[in-house]
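S.K.: Handing you this structure, nothing more for now.
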Amino acid sequence: MAISHILVTGGCGFIGANFVRFVLEQRPGIRVTNLDALTYSGNPDNLAELAGHPGYRFVHGDVRDRGLIDGLLSDCDAVVHMAAESHVDRSIQDSTPFISTNVSGTQTMLDAVRSCGRPIRLLYVSTDEVYGSLPLDRPDIQFREDTPLAPNSPYAASKAAGDLLCRAYHHTFGLDIVTTRCSNNFGPFQFPEKVIPLFVTNLIEGHQVPLYGDGRNVRDWLHVLDHCEAVLAVLDRGRRGEVYNIGGNNERSNLELTRAILSIMGRSEEMIRRVPDRLGHDLRYAIDATKIGRELGWRPTRSQWPDALEQTVRWYTGNEAWWRRVKSGAYREYYARQYGG
Ligand code: NAD
Ligand code: DAU
């Protein structure tokens, strides 16, 4: 049965806003309800142009509000649950909101789907961080869907808890659940606490970029629209109860990434400020995305390096009003706590 009305949670965040826009563009006639609590990273400006769109509705609310969710599920046929506390460094400062939203919030969503009395597919947007860390000297190893979960940060542990709750609700109650585990996303509308928008906007402001530790840590970078396309493919055609890895096959060390940004922006390595390492910093993430390619025919097409990075850098240089508003107020306090000064 074709999906006609999706409840997206966290649609005012980075991936959520790109996903809501992507779905409405790709599926004329579909309806999307976006439930978002508008935490520090939720920004209604990200979807400002959708005001008045006949297929779009925004609901300001919390995924832990069971009564609200029950009401919203009454005419939806699918849920894409991506609302979360998403930043590793914040989870190291204080894990409380991570456990509350990422674990209890996911449980609330699952209980609501379980008791709504109609078959609703729920897609849980998990992360590759649930697998833990890979060694730098074993490029032959990647995360597969059957790699044991070994989360290392409070953020990753909270996402793994949500991921395992999804597995349990499928197994115990037969709920129609699919899970995606994606690598690091980049693209427009990313909150400038994450490394790419942080570094680009710091450079525009004339500040140095704080590189953690020796910069050898590796991430697998995927353009956010490739992620959105993969999520939609899994929502449409993924097998019930299955997990699908999503990755860009695009591993870069943080130093390599930093140098690429400096080069695009015409800055020298003097702009790098070496800062103490993140506690428990995962060394390397690498995704084996064979399964989604084989079963659903998905492959990344928008993550070409360095062109896609350059386009992203240009988006931030061209949208200064957006990030200047975001990078003010309470964010300044977080930045000072994290980096000092
Ligand atoms: P983000 O921080 O930019 O957005 C999170 C959104 O969730 C915000 O709009 C926020 O207001 C909302 N939210 C937070 N708590 C809420 C609550 N209690 N109720 C309702 N809404 C709430 O995060 P993001 O980078 O867009 O990540 C989205 C999802 O994708 C997360 O689940 C994250 O774990 C996952 N993910 C992210 C990446 C990445 O590289 N960014 C990669 C893989 C998976
Ligand atoms: O892998 C998927 C995950 O990617 C998602 O689940 C998370 O929600 C998302 O935040 C992201 O987590 P990371 O911790 O990998 O992303 P972040 O942008 O915070 O950091 C990327 C790398 O850059 C990491 O190795 C730490 C490093 N870094 C980060 C910051 C913020 C720095 O060197 N300096 C910094 O100031």
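S.K.: Once phi is turned into ³J(HN,Hα) by the Karplus curve 6.51 cos²θ - 1.76 cosθ + 1.60 with θ = phi - 60°, what whole-Hz value does each residue of the stretch 37-47 show in order, with x for glycine and proline?
M.R.: 7, 6, 6, 4, 9, x, 9, x, 4, 4, 10
S.K.: Determine, for each peptide in 225-235, 211-221, the mean count of other beta carbons within 10 angstrom over its residues, then list the peptides with the highest first.
M.R.: Ranking the peptides 225-235, 211-221 by packing returns 225-235, 211-221.
S.K.: Modelled label-to-label distance, His171 and Ala150, 7 Å Cα→beta-carbon offset: nm?
M.R.: Those two pseudo-labels are separated by 2.0 nm.
S.K.: Evaluate the Kirkwood expression for the hydrodynamic radius of the stretch 5-145, namely the inverse of the mean inverse distance over all pairs of different C-alpha atoms, and round to one decimal in Å.
M.R.: For the stretch 5-145, inverting the mean 1/r across all distinct Cα pairs yields 16.2 Å.
S.K.: For Cα pairs less than 8 Å apart in space and 6+ apart in sequence, what is the mean separation divided by the residue count of the chain, i.e. the relative contact order in percent? It would help to have the intermediate numbers written out before the result.
M.R.: Numbers: 627 pairs, mean separation 59.0, N = 341.
Over the chain, the number comes to 17 percent.
S.K.: Got a sec? Charge dipole of the stretch 241-299, +1 on Cβ for Lys and Arg, -1 for Asp and Glu; which of Gly241, Tyr285, Thr258 is way out at the positive end?
M.R.: Selected residue: Thr258.
S.K.: So how long is each side of the stretch 1-75 along the principal axes, counting just the alpha-carbon atoms, biggest first, in Å?
M.R.: Sorted largest first, the three principal extents are 29, 27, 20 Å.
S.K.: Suppose every K and R has +1 on its Cβ and every D and E has -1 on its Cβ; what is the size of the dipole of the chain about the Cα centre, in Debye to the nearest 20?
M.R.: With only Lys, Arg, Asp and Glu charged at Cβ, the dipole is about 180 debye.
S.K.: With no solvent and one equal point scatterer placed on each C-alpha of the stretch 49-102, evaluate the Debye formula and give log10 I(q)/I(0) for q = 0.17, 0.18, 0.22 Å⁻¹, two decimals.
M.R.: -0.73, -0.79, -0.96
S.K.: Distance between Cα centroids, the stretch 1-67 to the stretch 195-246: provide it in whole Å.
M.R.: 20 Å
S.K.: Can you give me the P(r) profile for the stretch 129-266? Cα pairs, bins 5 angstrom wide beginning at 0, each as a whole percent.
M.R.: 2, 9, 15, 20, 20, 15, 10, 6, 3, 1, 0, 0
S.K.: While we're on this one: Which ³J(HN,Hα) values in Hz, rounded to whole numbers, follow from the phi angles of the stretch 277-282 under the Karplus curve 6.51 cos²θ - 1.76 cosθ + 1.60, where θ = phi - 60° and Gly and Pro get x?
M.R.: 5, 4, 4, x, 3, 4
S.K.: Also, quick follow-up: Cα atoms only, the stretch 198-341: Rg and Dmax in Å?
M.R.: Values for the stretch 198-341 (Cα only, Rg and Dmax): 17.5, 51 Å.
S.K.: I've got another one for you. Relative to 2.2 N^0.38 Å, what does the C-alpha radius of gyration of the chain come to as a ratio? Two decimals please.
M.R.: With N residues counted in the chain, Rg over 2.2 N^0.38 Å equals 0.95.
S.K.: I've got another one for you. Please name which of Asn217, Ala161, Gly187 has its Cα lying farthest along the dipole of the stretch 86-221 towards the positive end, using unit charges on Cβ (Lys, Arg +1; Asp, Glu -1) and the Cα centre as origin.
M.R.: With unit charges placed on the Cβ atoms, the residue in question is Ala161.
S.K.: Follow-up question, since we're still on this one. List the residues whose amide H sits under 5 Å from the amide H of Cys182, counting only those 5 or more places along or on another chain, with H placed 1.01 Å from N in the peptide plane.
M.R.: Ser126, Thr127, Asp128, Ile246
S.K.: Accessible area of the chain with a 1.4 Å probe: how many percent of it is carbon plus sulfur?
M.R.: 50 percent
S.K.: Per residue, what accessible area does the chain have, given a 1.4 Å probe and all protein chains present, in Å²?
M.R.: Spelled out: the 1.4 Å probe surface of the chain, per residue, equals 41 Å².
S.K.: Points 7 angstrom from Cα along the Cβ direction at Ile3 and Arg259: gap in nanometres?
M.R.: Using points 7 Å along Cα→Cβ, the separation is 4.1 nm.
S.K.: Using only helices, what value at 222 nm comes out for the chain when you add -39,500 (n - 2.57) per DSSP H run of length 4 or more and divide by the total residues, to the nearest 500 deg cm²/dmol?
M.R.: After summing the helix terms and dividing by residue count, I get -11000 deg cm²/dmol.
S.K.: Please list 244-252, 90-98, 52-60 highest first by mean number of surrounding beta-carbon atoms within 10 Å per residue.
M.R.: Peptide ranking by packing, descending: 244-252, 90-98, 52-60.
S.K.: A follow-up question, please. Which of rounded, prolate, oblate describes the stretch 72-199, given a ≥ b ≥ c as roots of the alpha-carbon gyration tensor eigenvalues and a/c under 1.5 marking rounded, otherwise prolate only if a/b is larger than b/c? Don't skip to the end; give the middle numbers.
M.R.: On the way: a/c = 1.91, a/b = 1.48, b/c = 1.29.
Since a/c reaches 1.5 and a/b is larger than b/c, the shape of the stretch 72-199 is classed as prolate.
The values are calculated or read from the model by the stated rules, or taken from the named source; none is laboratory data. Quick caveat, the model's predicted, so the values are computed rather than measured. Note that we place each Cβ from the backbone using ideal geometry, even for glycine, and neighbour counts take in every protein chain shown. Accessible surface is based on the protein model in full, side chains and every heavy atom, while ligands, DNA and RNA are left aside. Shrake-Rupley method; radii C 1.70, N 1.55, O 1.52, S 1.80 Å.
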